[in-house]
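Before any comments, here is the structure.
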Amino acid sequence: MKRHVGHALVFVVGVLAAPGQAQPSPDPAGLDEVVVTAQKRETNLQDTPISITVLSSTSLEDRQAISLGSLTDGAIPALRVAPFVGRSSALNIGIRGVGASFDANQPARDAGVGGYVDGVFLGRSQGLGTALLDVERIEVLKGPQGTLFGRNTMGGAVNIVTKAPSGDFRLDARMGLSNFDGRSGVVHVDLPRIGDLSIKIDGLINERDGTTTNAVSGTTDFNTWSKRGIRFAAAWQPSDAIDLQYAYDHSRDATTPYHAQLLVAGPFASPLQRDGASLTRRDTSILGGEQSDSVGKTSGHTLLLDWRIDEALTLRSISSYRELDQSQLDQGLIDAISTFAPNRPFARYSVANVGQDQTSQEFQLIGGTDSLQYVVGAFYYNESVNDDAQSPQLNLWNATGTAYTKNPATNPLDLSRVTIDRASKAETESLGVFGQATWTPAAMERLHLTLGARYTEDSKNGKLFTVNGAPASFAFDSSWSRVDPMVTAAWDFSDAEMGFSKWSTGF
């Protein structure tokens, strides 16, 4: 089994009142013990027969990771994280080449890699780029995870685990500065336990100005961000057998799109674009136009229950309700796609809105003996999504393409008077039951055989009711069922080395 090492070099201005924390105890082979929950139970990473990479809280701090968008550098093998064009907070995540091609504006489509926070499935690409709040670790599970994690894990899963309230007082405050007037601040407060109750509060602000100036003064530059978030968590332990944790999180993510630079002018480019095309980075766009923040707001409630029925059996419940509201205001392609014709409107402003709410409930029964470890469970998910899109042309060429003005037909811009080009909605309901067991024969303790399967029933319905600005009625209503099996054989060569072979499916 490979050791997993984080990569990064960071600049931090200061830390206030951050007590030391115990480090993981080394195992007999000299490797730090890393606990993961990739099999729905806590296991040592070195003993977990899954292709997995783990980023610890220390690794995340070292690389100053403020969101999953901070993982775009390719440091994690087989993981590809890329922003959706026009909306950097909507992330396309691919693992081993699966799942990365996904249009975040299509509410009837699902991603091929599942994102999870504390066991809660996140149904949309929007919001994946919001700020991370005091994360304990990120587990990147590679390959189909259809048995334990279910639908939409064809490529794998990204499992985010946050730090729970400790019941011990801790204040951790940090500030940071970076180029392009970047500024950040984060505060984590663990309050002393009061009776059976522990409370934790996390807050974060991270902002940065644009990296490419908009050629039109008085409007927002390209590639800015402002990420703000707060999370409240309360843990109640009325007895040694029961742990109950409630969490509420709210994030606001405001960004402008990346600027698509024109490297070489094509045959339909204007003289302005030909003069400005450059193979070296431009600090200012050739053309400019209206650009405002794309704003995403996410919030959610999570209720986790662990009931230790006896020493060998635990019942776990994960309940969640989440909401998302994301706008897109995109002029980032203005240099690259604006074609010239005398006195022709151009500067297509891509405007879109996505709203979503989801409810999920999962039950797990986790148990085991000396030779058999198992988990069985059931999962329910309901999601409602709607979207709309507009595309006003904001600028007007002159007769020669040597200059342009604002398009009088769309300026001043009033989106309430702009035709809706496309509008749709979709609803999803999913029900799954699953089980997985690992058997270690008493006569052959180095061998571990795992069998698992998941049965899923899905239904989707939706309607595309506006197309090209005209009323439409394209509808669908479908349902299907699926069984996803999994077989793994693992062998311990030593206390520090393990080999395994795994076969699994997903959809």
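The values are calculated or read from the model by the stated rules, or taken from the named source; none is laboratory data. All values reported here derive from a predicted model rather than from experimental measurement. Don't worry about glycine lacking a Cβ; one is built from the backbone with ideal geometry, like all the others, and counts go over all protein chains shown. Quick note on the areas: whole protein, heavy atoms, side chains included, nothing else; ligands and nucleic acids left out. Shrake-Rupley method; radii C 1.70, N 1.55, O 1.52, S 1.80 Å.
Descriptive notes on the structure:
- Annotation: peptides 326-335, 234-243, 210-219, ranked by per-residue average of other Cβ atoms within 10 Å with the highest first, follow the order 326-335, 210-219, 234-243.
- Ranked packing of 427-433, 88-94, 500-506, most packed first, by mean Cβ within 10 Å: 88-94, 427-433, 500-506
- Rel. contact order, % - alpha carbon contacts under 8 angstrom, at least six apart, the range 184-327: 21 percent
- Solvent exposure of the range 245-298 as accessible area per residue, Å², 1.4 Å probe: 47 Å²
- Projecting the Cα atoms of 346, 448, 487 onto the charge dipole of the chain (Cβ charges, centred on the Cα centre) puts 346 farthest toward the positive pole.
- Relative contact order of the chain: 12 percent, from C-alpha pairs under 8 Å at least 6 residues apart in sequence.
- Solvent-accessible ranking of 275, 458, 221, 325, largest area first, probe 1.4 Å: 275, 325, 221, 458
- Solvent exposure of the range 427-507 amounts to 58 Å² per residue of accessible area, where only protein heavy atoms count and the probe is 1.4 Å.
- Listed cross-link partners 40/297; 142/200; 200/297; 40/142; 40/163; 227/460 are compared with a 24 Å cut-off, the Cα-Cα value being larger for 40/297; 142/200; 227/460.
- Computed magnitude of the charge dipole of the range 116-215 (debye, nearest 20; Cβ of K, R +1, Cβ of D, E -1): 280 debye
- Burial ranking of peptide ranges 490-497, 43-50 (average Cβ count within 10 Å, highest at the top): 43-50, 490-497
- Helices in the chain, meaning DSSP H runs of at least 4 residues, each add -39500 (n - 2.57). Divided by all residues, the mean residue ellipticity at 222 nm is -500 deg cm²/dmol.
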